[in-house]
1. Average projected area of the Cα convex hull of the chain, in nm²?
2. Magnitude of the Cβ-charge dipole of region 84-193, K/R +1 and D/E -1, about the Cα centre, nearest 20 debye?
3. Leaving out ligands, DNA and RNA, what percent of the accessible area of the chain is carbon and sulfur, probe 1.4 Å?
4. Per residue, how much accessible area does the chain show when a 1.4 Å probe rolls over the protein heavy atoms, in square angstrom?
5. Given a Förster radius of 25 Å and the C-beta distance between residue 118 and residue 162 as r, what FRET efficiency does 1/(1 + (r/R0)^6) yield to the nearest 0.05?
6. Grab the other residues whose beta carbon is less than 12 angstrom from that of residue 148, score K and R as +1, D and E as -1, and report the net.
7. Can you name the helices of the chain, as whole DSSP H runs, whose Cα span along the helix axis is 20 Å or more and whose Kyte-Doolittle mean is not below -1.0?
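The values are calculated or read from the model by the stated rules, or taken from the named source; none is laboratory data. This structure is a prediction, so every number in the text was calculated from the model and none was measured. Heads up, the Cβs are rebuilt from the backbone with ideal geometry, glycines too, and the neighbour counts pull from every protein chain shown. Just the protein is used for accessible areas: all its heavy atoms, side chains included, with ligands, DNA and RNA removed. Shrake-Rupley method; radii C 1.70, N 1.55, O 1.52, S 1.80 Å.
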Amino acid sequence: MSDVNLPPLPPTGGEIPGRSIVDVVAAQHRELIGLTERLNASPDDPDIKSVLVATLSRHLAAEEQYLYPAVRAAVPGGEQIADRELAEDQTIMEQLRDLERTGDGHEGLAEAVRRHVAADAGELLPLLEQMVPAEDLVRLGNRFETAEEAAPTRPHPSTPSTPPWNKVVDPLVGVADKVRDVITSRATYVSDL
């Protein structure tokens, strides 16, 4: 039985396809660091700004839906670690909202993203990798990537940040954000740059 309380999947006749949540999050962290560096180099570029806001909003929503609950369930002291990360995420969401509204604060946001990445890479992800079976890490990675695609593309600091409500609210808000993105032709992915 899994420590992270995931529903069973149908048999696949072998290994579960996909990437581990550790690999998914690490790759996204590299992408986020790259985007903050691009924004620092070109702070007046609205496309870089909107892609960073969208990418980071999706990333944080997926972490709140799957990464932190897994840490709570499987890692000793996981409650405190997850609570600390949620508090940091709330600060980042507020900084994102300010960046989106005023266009200011990219330096502070870049520093907050670096702290977020360092905390996850230095503590949270290695602990999760030690405590959770590899098959469950892949299953979490699959769910994380699916949640990220349905997540909001704009910061919504007042929406729920813990299951089950974030798993209900985030996709609904995500639909509204995506409709707004299409109407405004807003860039939301690195490939849009």
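1. Numbers: hull surface 43.3 nm².
Answer in nm², one decimal: 10.8.
2. It comes to approximately 360 debye.
3. Working: 5160 of 9290 Å².
Carbon and sulfur: 55 percent of the exposed surface of the chain.
4. Values: 9290 Å² over 193 residues.
Accessible surface, normalised per residue, equals 48 Å².
5. Values: r = 23 Å, r/R0 = 0.93.
According to the calculation, E is roughly 0.60.
6. Numbers: positive: 58, 143; negative: 31, 63, 64, 145, 149, 170.
Net charge in that neighbourhood comes out at -4.
7. Details: long enough: 21-41 (30 Å, 0.36); 46-62 (24 Å, 0.63); 78-102 (35 Å, -1.12); 134-150 (24 Å, -0.65); 165-184 (28 Å, 0.27).
Membrane-span-like by this rule: 21-41, 46-62, 134-150, 165-184.
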